[in-house]
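K.L.:
Right, I'll just put the structure down here and ask away after.
The values are calculated or read from the model by the stated rules, or taken from the named source; none is laboratory data. Predicted model only: the values in this text are computed from it and were never measured. Glycine also receives a Cβ, built like all others from the backbone with ideal geometry; neighbour counts cover every protein chain displayed. Note: accessible area is taken over every heavy atom of the protein model, side chains too, but ligands, DNA and RNA are not part of it. Shrake-Rupley method; radii C 1.70, N 1.55, O 1.52, S 1.80 Å.
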Amino acid sequence: MRARYGIPLGITAAGAAGLLYAAGFEARSFRLRRVTVPVLPSGMRPLRVLQVSDIHMVGGQRKKQRWLRSLAGLRPDFVINTGDNLSDPEGVPEVLDALGPLMEFPGAYVFGSNDYYGPRLRNPARYLVEKVQGRHGLNGNPPVVDAVHNPWEDLRDGFDSAGWLNLTNTRGTLKIEGTSIELTGLDDPHIKRDRYAEVAGGPSTGADFSMGVVHAPYLRVLDAFAADGYPLILAGHTHGGQLCIPFYGALVTNCDLDTDRVKGLSTHTAEGHRSYLHVSAGCGTSRYTPVRFACPPEATLLTLVSR
């Protein structure tokens, strides 16, 4: 009995324990990442930016909602939401309620594919196959048919009514205690909604500081932002790899970004210009794969300081 079944039973038990941990604990173990980024012009006071991303709200996620509301206690100078707020067509009211205290602060947002379309059940191994084949999202894959359309307009209206800037393929400006912060945003490259030509040209001369915002950190977008001279780019989408290997890291990014930069602060260089890139691992998961391993859910408080 032991010789024939001991090892398989042990592997099964270990797998079950890992799944229980990934779904029951780590996916609900919300963290705040703190990062300092030296990007401001000399003489500017530091700015505290709270980035929230990939909430993927499903009805009844009370702990996540309480944690998101608690982030208002950080009192950031402004908030950037980098998309994928929904994983449930009925989730808009709970997203707006959870982010309500944060919407008392200046802010801006872009949308991700899951704001527009409901998720589908899919084999997680397909992410590895798509990585090998160089296919991600609609970038090389056939168009999605029979997709569930989320009520993203209601989400947009809620953000807009709170005064957050809609950065869908456009620019916007926040005034923070007399400081002009220019934000240049794109719609989601993962489903080919990005239109960089509509915002090209680099930072405006009248802004005290400028930065780029996008949901999915595809290389074509990062190249464009960096080449145009934006000192900082914020993105989400990757979930930090979501299911990572301890002491190794992520296996996939769900886009063409390399796994070394799947989350956290790094740099990106194009045409001789270097930008800082921050990719949020996000605080949610798809409703069909509600697990995280070696990659806790997070939001990030970025403190921008002088170069």
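K.L.:
Would it be correct to say that Met1 is farther than 30 Å from Thr173 by Cβ and either at pLDDT below 95 or more than 20 Å from the chain's Cα centre (by Cα) (or both)?
P.N.:
yes
K.L.:
Do you know which residues across the stretch 265-280 are touching a residue at least 60 places away in the same chain (Cβ under 8 Å) and hydrophobic (A, V, I, L, M, F, W, C)?
P.N.:
Leu265, Leu277, Val279
K.L.:
Look through Arg120, Arg69, Arg135, Arg126 and report the one residue that is surrounded by fewer than 20 Cβ atoms within 10 Å (Cβ to Cβ) and closer than 23 Å to Pro296 by Cβ.
P.N.:
Unique residue meeting the criteria: Arg69.
K.L.:
What pairs come out if I take residues in the stretch 61-73 that are farther than 15 Å from Gly282 by Cβ and pair them with residues that are of a type in the set (Gly, Ala, Ser) and open to solvent by less than 20 Å² (accessible area, probe 1.4 Å) whose C-beta lies under 6 Å away, six or more apart or interchain?
P.N.:
Gln65/Ala98; Arg69/Ala98
K.L.:
If you don't mind, another one. Are there helices (runs of 4 or more DSSP H) fully within the stretch 94-180 with at least 2 residues that are modelled with pLDDT of 90 or more, of a type outside the set (A, V, I, L, M, F, W, C) and under 23 Å from Glu198 (Cβ atoms)? List them.
P.N.:
Output list reads 113-116, 152-161.
K.L.:
Residues to consider are Ala147, Ala162; find the one that is touching a residue at least 40 places away in the same chain (Cβ under 8 Å) and either surrounded by fewer than 15 Cβ atoms within 10 Å (Cβ to Cβ) or more than 22 Å from His239 (Cα to Cα) (or both).
P.N.:
Ala162
K.L.:
Same structure, new question: Counting only residues that are in contact with a Lys or Arg (Cβ under 9 Å, 6 or more places away or on another chain) and open to solvent by less than 10 Å² (accessible area, probe 1.4 Å), which one in the stretch 183-209 is farthest from Val144 (Cα to Cα)?
P.N.:
Checking each candidate, the answer is Leu183.
K.L.:
Could you tell me whether the stretch 192-206 includes any residue that is touching a Cys at 6+ places or on another chain (Cβ under 8 Å) and within 20 Å of Ala270 (Cβ to Cβ)?
P.N.:
Checked the stretch 192-206: no residue is touching a Cys at 6+ places or on another chain (Cβ under 8 Å) and within 20 Å of Ala270 (Cβ to Cβ).
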